[in-house]
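Visitor: This is the structure I have questions about; it appears just below.
The values are calculated or read from the model by the stated rules, or taken from the named source; none is laboratory data. For clarity, every value in this text was computed on a predicted model and none was experimentally measured. Cβ sites come from the backbone with ideal geometry, for glycine too, and all protein chains shown count toward neighbours.
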There are 2 protein chains.
Amino acid sequence: MTRARTLPPGDAPVRQEGLRHLNLGLVFRHILSAGDRPISRTELVELTGLTKPTVSRIVDDLVLGQLIAEAAPVHGGGAGRPRVGLTLSRQGPAGLGLDIRGDHLAACVVDLTGTVRHLSFSPPIRPGRRPKTILTELATMAREATAAVADEGLTVVGGMVSVPGPVAERSVVKFAPQQGWRDVDAGTLLRTALDDLPIAVDNEANLAALGELYASDEDLRNFAYVSGELDLGAGLVLNGQLLRGARGWSGELGHVTVFPNGRACPCGANGCLQTYASVEAIFGPGSVDGPATIVTRADAGSKRTLAALDAAGTALGIALSDLVNLLDMDTILLGGSYSLLSSWLVDNIQAELSRRVLSSRWSTVAVRPAMLGPDAAVIGAALTVIEDVRQNPSGWLAHNSL
Amino acid sequence: MTRARTLPPGDAPVRQEGLRHLNLGLVFRHILSAGDRPISRTELVELTGLTKPTVSRIVDDLVLGQLIAEAAPVHGGGAGRPRVGLTLSRQGPAGLGLDIRGDHLAACVVDLTGTVRHLSFSPPIRPGRRPKTILTELATMAREATAAVADEGLTVVGGMVSVPGPVAERSVVKFAPQQGWRDVDAGTLLRTALDDLPIAVDNEANLAALGELYASDEDLRNFAYVSGELDLGAGLVLNGQLLRGARGWSGELGHVTVFPNGRACPCGANGCLQTYASVEAIFGPGSVDGPATIVTRADAGSKRTLAALDAAGTALGIALSDLVNLLDMDTILLGGSYSLLSSWLVDNIQAELSRRVLSSRWSTVAVRPAMLGPDAAVIGAALTVIEDVRQNPSGWLAHNSL
């Protein structure tokens with residue numbers, strides 16, 4: 001029953017020269033984990049167990065590479081030299097997020113601390129424009145964003161594009177029904193337009209989920225981010241890792257079957273969640289400024305709107321019960337438009353969860369609005385780029401020949 | 001937006017003394033990856049890039065610790081000394097699997113190569129026996145299995161218990177409706193009965209899925225194992241890792257909603273998959289030798305049985321479509337009883353998948369019977385124990401003071 005196994009990549013012997021790389025990563029992770037609090041060289045020696053000269057050499061490399069910076073000196077209570085604290089640099093590498101939505105485009109730049117340093121939006125997009133036209137406009141926004149943050153000492157090291165549909169090979173939009181896109185290689189087009197800047201493409205719900213994960217101050221490690229945009233999807237995080245699935249097409253919550261013989265879905269099936277719980281399903285077809293109008297009507301006590309919200313909450317609850325039965329998430333974040341509508345949805349969702357989830361007999365699931373609001377996907381996209389630098393500081397230094 | 005982060009455990013500086021551990025693991029993984037083929041010291045030097053004395057020292061440690069053994073010498077074509085190949089030891093550490101099923105108990109021992117060296121079953125269990133009585137009997141079977149393989153030079157290093165229900169803290173059976181168990185700490189009871197042998201407890205479908213993963217010769221990395229026992233569950237594997245969920249209660253496929261206002265389920269909800277597709281649902285209540293009888297009747301063309309199989313296949317297809325939409329598995333393995341019934345189920349499952357899974361427009365999902373058959377869970381349980389040794393050979397050597 002023994003089988004031949006493929007060794008994981010990079011499974012090479014560890015020799016002396018690998019230590020510098022590992023120890024640099026170790027020092028950098030301690031600076032990262034201190035958050036906004038400046039940390040001293042002495043503390044780093046204590047925390048890492050490395051020698052003082054080793055820590056000093058690594059700190060020098062990190063400062064030179066603009067990954068960290070010296071904060072203003074802090075005078076201790078006693079005598080002696082003032083302590084110089086180290087924090088993440090607010091200059092140096094930056095991540096670019098781009099977002100293609102139903103009605104407009106967005107661009108965002110974050111620095112190494114995760115702070116949003118630039119956020120811009122296009123005018124509304126007229127329907128029916130060709131992919132190439134939209135992507136050319138997005139490339140212009142990317143160049144403007146890059147130029148704007150360059151004035152503040154930031155260098156955009158890569159970009160991530162959020163699209164409302166499944167994505168293949170981190171580049172090709174397989175299917176975006178709102179845009180009428182099929183197999184559009186947005187990544188290659190944008191890379192070419194942006195002088196070979198590294199660009200990847202991912203699904204909107206995935207990026208919004210990663211945004212919540214990276215930006216959260218809490219211990220948020222097992223959750224589903226439910227995207228309440230015109231297309232309903234979910235970003236799934238277990239043990240702090242995004243679940244992409246075998247081919248990257250996970251999270252199609254909008255096509256989970258709620259009523260097998262129910263309403264016809266544009267996808268060709270019947271009874272998909274999307275036909276009961278999307279903003280369009282709640283408000284009626286043809287709406288663009290849906291959620292705000294729904295809130296106004298619900299506040300005014302419109303019976304039709306309240307009934308639609310009621311039905312949407314129940315349908316969401318049935319589909320989310322399937323998700324929790326299968327994946328045992330402990331938290332559901334209602335994102336995008338749902339974050340505005342959550343007070344009308346949560347009770348029905350919780351009623352279905354407690355009725356249909358087996359573990360609800362001894363356990364609960366938290367259901368609450370997401371944190372980043374309607375710009376979660378574009379901020380999350382930018383954060384994924386900077387997270388790569390945070391996870392692999394040596395790679396960034398090597399790239400800059402430091 | 002920067003947050004304080006918890007460092008992963010063991011995030012210590014890498015120093016010289018850690019290299020021996022890492023290099024031993026490297027050499028051992030190359031021997032593992034050769035499968036049944038003996039591998040020479042010379043090959044290991046080439047494959048690892050380590051020096052000959054280092055490889056020799058590590059090989060000596062591994063032989064002494066009974067993790068590897070020298071195969072019979074092979075004479076090369078030319079002159080010179082015969083090459084002595086190294087393979088995994090068929091003596092030394094062994095893993096114990098134990099299984100609590102609806103109608104009987106099972107015990108299994110596998111060696112380091114993954115070969116089953118012992119497999120035994122209890123007589124049928126009378127219904128209504130107390131957990132302690134059943135666990136005492138299981139401990140007796142464990143002792144007999146351990147004694148039987150000791151005669152062949154094998155040392156049982158730990159045990160894993162398969163139970164038909166969700167498990168907390170790798171020890172406590174939260175809920176096993178067939179047995180009428182609630183919050184039974186099977187792990188602690190068995191550890192005490194077996195002189196503190198390390199014992200963990202896990203769900204049947206999880207262990208069967210791990211069994212398929214470890215025993216497969218193919219590149220099986222993204223699949224759902226569907227357990228067709230009296231209780232319907234799934235073991236979910238993505239990127240070669242079992243998905244346990246936030247609290248360990250993932251894979252409750254039997255309670256995915258198929259028809260929201262449908263049949264009442266003993267869990268309290270309506271329309272759970274289990275009420276349409278369990279062996280009991282297909283055959284009628286009170287059956288114990290269900291699947292064999294269903295096969296006989298279906299072969300004989302019984303209209304009632306064929307209609308029940310038809311409905312079960314459709315219900316399975318609806319629930320599995322939800323699973324694939326959410327998790328993008330590329331393979332579904334029909335396990336346990338379903339492996340016998342698969343020829344009557346696959347067509348309807350595929351029909352629903354192609355209708356309801358969004359990515360089915362450009363992609364497919366393979367649906368086929370599982371490999372290990374009805375003993376998948378107990379074999380998988382034993383394999384998880386030995387997999388721990390395979391992944392951490394230094395730990396085993398240290399444990400034996402080598």
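Visitor: How many of the residues in the stretch B:313-359 are touching a residue at least 12 places away in the same chain (Cβ under 8 Å) and within 14 Å of chain A (Cβ to nearest Cβ)?
Guide: Residues flagged as touching a residue at least 12 places away in the same chain (Cβ under 8 Å) and within 14 Å of chain A (Cβ to nearest Cβ) within the stretch B:313-359 amount to 30.
Visitor: Please determine, by comparing only the residues of the stretch A:129-163 that are under 26 Å from A:ALA69 (Cα atoms), among the β-branched types (Val, Ile, Thr) and touching a Leu at 6+ places or on another chain (Cβ under 8 Å), which one is surrounded by the most Cβ atoms within 10 Å (Cβ to Cβ).
Guide: Checked the stretch A:129-163; the qualifying residue surrounded by the most Cβ atoms within 10 Å (Cβ to Cβ) is A:VAL156.
Visitor: Condition (residue is closer than 25 Å to B:ASP61 by Cα and free of Cβ contacts under 8 Å to residues at least 24 places away in the same chain) applied to the stretch B:383-391: is it met by at least one residue?
Guide: Yes, there is a match, as at least one residue in the stretch B:383-391 is closer than 25 Å to B:ASP61 by Cα and free of Cβ contacts under 8 Å to residues at least 24 places away in the same chain.
Visitor: Considering only the stretch B:187-303, give the helices (runs of 4 or more DSSP H) lying wholly within it that have at least 1 residues that are assigned by TED's automatic domain parsing to the domain that holds B:LYS174 and at pLDDT 90 or above.
Guide: B:204-215
Visitor: Here is a further query. Going by the conditions given, is B:LEU197 buried (at least 20 other Cβ atoms within 10 Å of the Cβ) and of a type outside the set (S, T, N, Q)?
Guide: no
Visitor: In the set A:ALA312, A:ALA381, which member is outside the structural domain of A:GLY240 (by TED's automatic domain parsing), part of a helix (DSSP H, G or I) and either of a type outside the set (Phe, Trp, Tyr) or surrounded by 18 or more Cβ atoms within 10 Å (Cβ to Cβ) (or both)?
Guide: A:ALA381
Visitor: Please work out if A:ASP183 is over 20 Å from A:TRP249 (Cβ atoms) and charged (D, E, K, R).
Guide: Judged against the criteria, A:ASP183 is not a match.
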